[in-house]
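*Asks:* Mind having a look at this structure? Questions to follow.
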Amino acid sequence: MTTQRKAVSLISGGLDSMLATKAMLDQGIHVEGINFFTGFCVEGHTHAIRKKDKAKPKRNNALWVAEQLGIKLHIVDVIDEYKDVVINPKHGYGSNLNPCLDCKCFMVRKAHEWIEEHDFDFIITGEVVGQRPMSQRRDTMPVIQRESGAEDRLLRPLCAHILPETLPEREGWVDREKLYGFNGRGRKPQIALAAEMGISDFAQPAGGCCFLTDAAYSSKLSDLWSSRGSREYEIDDIMLLKVGRHLRPRPHFKIIVGREEGENKFLEGYRKQFTHLYSTSHPGPMVLLDGEANADDLQLAARLAARFSQGKSADSVTIELHEKDADVVELDVVPLTTDEIPVEWYL
Ligand code: SF4
């Protein structure tokens with residue numbers, strides 16, 4: 001009796017990992033999915049917060065893909081370990097603060113540890129040579145194999161034909177002939193293969209699978225690091241960077257202003273950890289203050305909060321200020337005008 005071989009598949013929620021997994025299932029391999037939660041994932045988070053996005057489906061695409069394929073999905077929290085990848089990437093960053101090559105090495109290394117612990121035979125990914133400028137190039141493919149420690153237990157079914165044979169192919173666990181030789185940024189071969197496999201619904205391919213590829217997000221993260229004088233972060237920091245308008249009127253503090261009801265509610269969840277303020281005379285956003293603020297700074301923050309309220313044209317707006325470990329204070333302030341808010345304050 002032949003042994004059924006077992007593979008773990010890195011499931012991002014996109015089409016490529018879905019196709020790679022399906023190709024292995026079709027060859028009789030037992031596949032389970034693995035998805036790493038870094039804190040920077042785009043999946044569902046901001047859509048789930050914003051009220052205006054309520055109509056959009058809130059599905060977690062990784063879970064959804066696993067369900068479509070009928071495989072088990074392991075979601076692994078790597079928030080703490082991943083910090084070193086973001087803070088000290090050996091191979092540097094992409095066009096923003098995305099350390100894609102280090103990230104891929106890290107994820108495959110974690111998957112390799114996982115297969116050793118769970119007695120699985122190999123790892124598959126949906127990588128395609130030439131698909132991404134930083135991590136999916138012909139010269140980076142062996143780097144990921146080597147630095148992850150997975151070596152030839154890493155199989156990329158979608159571009160296997162243009163890469164050296166791997167252990168699962170050599171051993172005949174999978175039939176190399178039935179794998180693919182996709183190459184380049186084009187999506188046509190993947191779309192055609194999806195149709196051939198009967199897959200009609202899938203997440204649209206995006207520029208990247210996490211917020212680190214986003215220029216605005218990266219600039220807020222970089223501001224956070226420079227204002228604190230150290231390149232560190234906690235999970236709440238990186239979650240808050242996804243939400244609201246961020247303005248830094250002074251080097252020692254910034255404010256986060258909810259842009260709509262869903263964001264205001266989300267920010268309210270942080271009110272015990274932050275000095276916060278909001279208008280009581282006019283409808284307005286929840287505003288969190290991050291940093292140290294003296295009396296002048298608090299006055300400025302209150303005038304900003306008034307500016308983003310519906311009382312922005314009023315002569316005076318009443319702001320309720322909740323300083324951490326202090327009594328609640330009411331301030332009557334004149335809203336700042338647009339001219340009084342330099343563009344540089346916006347992060
Ligand atoms: S986009 Fe983000 S999650 Fe995807 S490889 Fe790059 S750093 Fe990693």
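The values are calculated or read from the model by the stated rules, or taken from the named source; none is laboratory data. Bear in mind that the values here come from a model prediction, so they are computed numbers and not experimental data. Heads up, the Cβs are rebuilt from the backbone with ideal geometry, glycines too, and the neighbour counts pull from every protein chain shown. Heads up: the accessible areas ignore ligands, DNA and RNA and are worked out on the full protein's heavy atoms, side chains in. Shrake-Rupley method; radii C 1.70, N 1.55, O 1.52, S 1.80 Å.
*Asks:* Carbon and sulfur: what percent of segment 271-316's accessible surface (1.4 Å probe)?
*Replies:* Carbon and sulfur: 42 percent of the exposed surface of segment 271-316.
*Asks:* Same structure again: Explain nothing, just the number: dipole magnitude of segment 237-344 about its Cα centre with +1 on each Lys and Arg Cβ and -1 on each Asp and Glu Cβ, in debye rounded to the nearest 20. Could the numbers behind the result be given before it?
*Replies:* On the way: 13 positive and 19 negative charges, 82 e Å.
In total the dipole reaches around 400 debye.
*Asks:* Something else now. Please turn the phi angles of segment 297-309 into ³J(HN,Hα) values with the Karplus equation 6.51 cos²θ - 1.76 cosθ + 1.60 (θ = phi - 60°), one per residue in order, whole Hz, x for glycine and proline.
*Replies:* Coupling constants for segment 297-309: 5, 5, 5, 5, 4, 5, 5, 5, 4, 5, 4, 8, 8 Hz.
*Asks:* Which angle between 0 and 90 degrees, to the nearest 10, do you get for helix 215-228 versus the longest principal axis of the chain when only C-alpha atoms count?
*Replies:* 60
*Asks:* Another one. Quick check: net charge around Val317, other residues with Cβ under 15 Å of its Cβ, Lys/Arg +1 and Asp/Glu -1?
*Replies:* -2
*Asks:* Could you work out how far helix 15-25 tilts from the main Cα principal axis of the chain, as a 0 to 90 degree angle to the nearest 10?
*Replies:* The two axes meet at around 30 degrees.
*Asks:* Report the charge-dipole magnitude of the chain in Debye, nearest 20, computed about the Cα centre from +1 at each Lys and Arg Cβ and -1 at each Asp and Glu Cβ.
*Replies:* Charge dipole, the chain, about its Cα centre: 1100 debye, nearest 20.
*Asks:* Could you pull out every residue, at least 5 positions away or on a different chain, whose amide H is within less than 5 Å of the one on Gly33? Hs are placed 1.01 Å off N in the peptide plane, and Pro or chain starts have none.
*Replies:* Sorted by chain and number, the residues that satisfy this are Ser9, Lys72, Leu73, His74.
*Asks:* Follow-up question, since we're still on this one. So what is the relative contact order of the chain, in percent, for Cα pairs below 8 Å that sit 6 or more residues apart?
*Replies:* Relative contact order comes out at 15 percent.
*Asks:* Moving to a separate point now. Specify the inter-centroid distance of segment 92-131 and segment 132-194, based on alpha-carbon positions, in whole Å.
*Replies:* 12
*Asks:* Using mean Cβ contacts within 10 Å as the protection proxy, how do 6-13, 193-200 order, highest first?
*Replies:* Ranked from most to least packed, the peptides come out as 6-13, 193-200.
*Asks:* Now for a different question. Taking the chain as the reference, fit the longest principal axis to its C-alpha atoms, fit the long axis of helix 100-118 to the helix C-alpha atoms, and give the angle between the two in degrees, 0 to 90, nearest 10.
*Replies:* Helix 100-118 sits at roughly 60 degrees to that axis.
*Asks:* What does the accessible area per residue of segment 111-178 come to in Å², with a 1.4 Å probe and no ligands, DNA or RNA counted?
*Replies:* Per residue, segment 111-178 has an accessible area of 44 Å².
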